[in-house]
Amino acid sequence: MRKDAIILLNMGGPNNLYEVETFLSNMFNDPNILTMKSNLLRRFIASTITTNRTRSAQDVYEKIGGKSPIVDITKELILKLQDRVGDGVIVDMAMRYTPPYASQVIKRLQEEKISHVYLIPLYPQYSTTTTKSSLEDFESELHSAKLDVIVSETKHFYANSTYNSILVDKIKEALAEQDPAEFDLIFSAHGLPVSIINAGDPYQRQVKEHVRLLDQELAEANLRFKSVQLAYQSKVGPMKWLEPSLESKLSQLWSKRVIISPLAFTIDNSETIYELDMEYREIAQELGFIDYRVASCPNADPKFVKTLEQIYLKMKNS
């Protein structure tokens, strides 16, 4: 009888253009995203943002195929992880803002009489806006369903050496046999409002530590770039966000050859395929860059599958 279930958690993404409004509404109604205490005020602001941004967001998704690739790539990842752990363990996923939701996956767990659930949020670094939000959502749905199971969870995995070797591999792929000394390397992390960091979110500290670990991995792989930098992307609204921004960092580089490595995403999405590879490419061209490259996310790479298996086994054996 199947007893264990590994559930991969992620923010999700629109499965079609009609889901863009749902995605935005669910995201901005999340109290971990808009942190004001008043639910009424949050709903008002969320509705305003959703109304104002839906059409432009649909335009973005139209440019990358009409939907987010997150769900499809995660399905591929699940199939590969299922092969590694065997039929005695169920592997599934729950998305935070778009289907499949936690409530849908929990129905399957009930039917399969699962006794132990292992939750793996697909965020390398912990943040209240991502990891905490996904874990709380799933555990709340478990409570509502009155499902009597043991729950184990991981909070981050940025220090996992197998995972970091994937990021180095992806940087090598982007480099394509050229001399790294000719390029600057920028690790681009998703930005956050400074107010969230000041409230105790450890994300910035973990991002900086992740860059330090990757710098060591690069040195061991004899990949010596002109410089290794950290920047933040995806700022929205008037609040002060983490700095330096990716645009400002690009403007400071004089070599005009750069590789961008997404640091906070495990699966390619609109913020890598569109924002990094299209929007920032245009900015780089305007700044006179002669070579602008973006490394891909781990996606369903066999080493990422192995990373997730390692995380599961570590939880299981602890």
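The values are calculated or read from the model by the stated rules, or taken from the named source; none is laboratory data. Remember, predicted model here, so these are calculated numbers, not experimental data. Neighbour counts are summed over all protein chains in view; Cβ atoms, including those assigned to glycine, are modelled from backbone coordinates with ideal geometry.
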Could you pull out the residue among 308, 313 that is surrounded by 15 or more Cβ atoms within 10 Å (Cβ to Cβ), over 14 Å from the mean Cα position of the chain (by Cα) and of a type outside the set (Lys, Arg)?
308
Among (1) assigned by TED's automatic domain parsing to the domain that holds residue 186; (2) touching a Ser or Thr at 6+ places or on another chain (Cβ under 7 Å), where does residue 307 come up short?
(1)
Name the single residue, out of those in the stretch 179-210 being surrounded by 14 or more Cβ atoms within 10 Å (Cβ to Cβ), touching a Phe, Trp or Tyr at 6+ places or on another chain (Cβ under 9 Å) and aliphatic (A, V, I, L, M), that is nearest to residue 236 (Cα to Cα).
192
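Do we have any residue at all in the stretch 38-51 that's over 30 Å from residue 116 (Cα atoms), in the same structural domain as residue 115 (by TED's automatic domain parsing) and in contact (Cβ under 8 Å) with a residue 40 or more places away in the chain?
Looking only at the stretch 38-51, we keep the residues that are over 30 Å from residue 116 (Cα atoms), and these are 38-51.
Then keep just the ones that are in the same structural domain as residue 115 (by TED's automatic domain parsing); that gives 38-51.
Restricting the remaining residues to those that are in contact (Cβ under 8 Å) with a residue 40 or more places away in the chain gives none.
No, the conditions are met nowhere in the stretch 38-51.
Here is a yes/no grid of residues against (1) among the small types (Gly, Ala, Ser); (2) outside any strand (DSSP E or B); (3) in contact with a Cys (Cβ under 9 Å, 6 or more places away or on another chain); (4) within 24 Å of residue 20 (Cα to Cα):
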residue	(1), (2), (3), (4)
92	no, no, no, yes
97	no, yes, no, yes
114	no, yes, no, no
129	no, yes, no, yes
133	yes, yes, no, yes
Please indicate, with yes or no, whether at least one residue in the stretch 211-225 is more than 20 Å from residue 174 (Cα to Cα) and buried (at least 20 other Cβ atoms within 10 Å of the Cβ).
no
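Residue 115 - would you say it is buried (at least 20 other Cβ atoms within 10 Å of the Cβ) and in contact (Cβ under 8 Å) with a residue 12 or more places away in the chain?
Values: buried (at least 20 other Cβ atoms within 10 Å of the Cβ): no; in contact (Cβ under 8 Å) with a residue 12 or more places away in the chain: yes.
Criteria not met by residue 115.
When you scan the stretch 257-270, do you find a residue that is free of Cβ contacts under 8 Å to residues at least 60 places away in the same chain and either within 12 Å of residue 184 (Cβ to Cβ) or part of a helix (DSSP H, G or I) (or both), even just one?
no
Would you pick out the residues in the stretch 177-193 that are free of Cβ contacts under 8 Å to residues at least 12 places away in the same chain and of a type outside the set (Asp, Glu)?
Filtering the stretch 177-193 for residues free of Cβ contacts under 8 Å to residues at least 12 places away in the same chain gives 177-179.
Within the stretch 177-193, just 178 meets the criteria.
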Against the condition surrounded by 12 or more Cβ atoms within 10 Å (Cβ to Cβ), under 21 Å from the mean Cα position of the chain (by Cα) and either modelled with pLDDT under 95 or not in a loop (DSSP other than H, G, I, E, B) (or both), how does residue 168 come out, does it pass?
yes
For residue 280, state whether it is over 26 Å from residue 224 (Cα atoms), surrounded by 15 or more Cβ atoms within 10 Å (Cβ to Cβ) and within 22 Å of the chain's Cα centre (by Cα).
no
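Does residue 23 qualify as being modelled with pLDDT of 95 or more, over 27 Å from residue 308 (Cβ atoms) and not polar (S, T, N, Q)?
Answer is no for this residue.
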Condition first: of a type outside the set (D, E, K, R) and in a loop (DSSP other than H, G, I, E, B). Now tell me which residues in the stretch 67-90 satisfy that.
68, 69, 86, 88
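What do you reckon, is residue 102 within 20 Å of residue 202 (Cα to Cα), modelled with pLDDT of 95 or more, among the aliphatic types (A, V, I, L, M) and more than 15 Å from the chain's Cα centre (by Cα)?
Numbers: within 20 Å of residue 202 (Cα to Cα): no; modelled with pLDDT of 95 or more: yes; among the aliphatic types (A, V, I, L, M): yes; more than 15 Å from the chain's Cα centre (by Cα): yes.
Criteria not met by residue 102.
One line per residue, one yes/no per condition, for (1) buried (at least 18 other Cβ atoms within 10 Å of the Cβ); (2) of a type in the set (A, V, I, L, M, F, W, C):
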| position | (1), (2) |
| --- | --- |
| 11 | yes, yes |
| 24 | yes, yes |
| 30 | yes, no |
| 59 | no, no |
| 68 | yes, no |
Go through the stretch 108-130 residue by residue and tally those that are over 17 Å from residue 153 (Cα atoms) and in contact with a helix residue (DSSP H, G or I) (Cβ under 8 Å, 6 or more places away or on another chain).
1
